[in-house]
Amino acid sequence: MTAPASYSRLQIALHWLIALLIVAAWFTDDGMGRALHNRLESGATGFSGNTLHVWLGSAVFVLVLIRVLVRFGQGAPVPVDGPRLAQRLALWGHRLLYLLMIAVPALGASAWYLGIEAAGEPHELTANLLMIVALGHALVAIWHQLVRRDGTLTRMIRPGA
Ligand code: HEM
Ligand code: HEM
């Protein structure tokens with residue numbers, strides 16, 4: 001598939017909406033251990049008793065699955081100029097982010113909706129890893145924009161940039 005000239009409007013919207021929801025899920029995790037415990041005790045199922053954290057995380061899950069389909073369908077623009085090693089690191093960094101964006105909500109959902117208590121701990125661990133990798137990713141993007149001035153951030157803001 002030939003690479004598109006830029007990220008599409010839809011890809012850009014999904015990138016920022018999902019990033020926002022992930023951060024919101026992160027800040028609403030308080031008391032989730034207890035909430036899960038109570039849910040398993042009471043035998044509640046489905047969406048009943050969903051906390052804000054669960055709703056936000058579930059929205060991430062659905063949107064990420066859509067995003068992956070869109071990514072396969074539309075591809076991504078060629079990497080900005082730079083050393084080959086940096087381009088490979090960016091590629092694998094992005095793949096890792098996609099993997100974590102799927103694994104984190106999938107593990108959370110396994111604990112919450114399927115009652116698999118053992119998924120809770122790996123959910124927390126991968127969520128921490130996701131936040132660390134995403135923070136590094138954001139810092140690199142800002143560095144590109146402000147220090148290298150190569151328009152990396154602009155192309156995730158303006159379609160066609
Ligand atoms: C990307 C989205 C998500 C992020 C960043 C995230 C983050 C976190 C974090 C940091 C914790 C640890 C809380 C603590 O120690 O008090 C946690 C716990 C939990 N989350 Fe999420 N979460 C996400 C999505 C979800 C989803 C989709 C669900 C369920 C449908 C979910 C269900 C839970 C549950 C049940 C716990 C408690 C686990 C336990 O204590 O064993 N999360 N989450
Ligand atoms: C939880 C937060 C975030 C996640 C999970 C995330 C994830 C991703 C992923 C997976 C890509 C690759 C897109 C693709 O090739 O399909 C990407 C691209 C990008 N992200 Fe993020 N991102 C987050 C936050 C941010 C923030 C805060 C910034 C800016 C400060 C940012 C700037 C960018 C830029 C500029 C690109 C395009 C890079 C390029 O064209 O090579 N991201 N992001």
May I ask you to give the percent of accessible area on the range 1-145 that is carbon plus sulfur, with a probe radius of 1.4 Å? 71
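Using unit Cβ charges (K, R positive; D, E negative) and no other charged atoms, how large, in debye to the nearest 20, is the dipole of the chain about its Cα centre?
Result for the chain is approximately 800 debye, rounded to the nearest 20.
With an 8 Å Cα cut-off and a minimum separation of 6 or more residues, compute the relative contact order for the chain in percent.
Values: 132 pairs, mean separation 52.1, N = 161.
After rounding, I find 32 percent.
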Selection from His53, Ala3, Leu63, by position along the positive dipole direction of the chain (Cβ): Ala3
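Please work out the average accessible area per residue across the range 48-158, using the 1.4 Å probe convention, and give it in Å².
On the way: 6810 Å² over 111 residues.
Per-residue value: 61 Å².
The values are calculated or read from the model by the stated rules, or taken from the named source; none is laboratory data. Note that this is a predicted model, so its numbers are computed, not measured. Counting neighbours? That spans all protein chains shown, and the Cβs are built from the backbone with ideal geometry, glycine included. These accessible areas exclude ligands, DNA and RNA; they are computed on the full protein's heavy atoms, side chains included. Shrake-Rupley method; radii C 1.70, N 1.55, O 1.52, S 1.80 Å.
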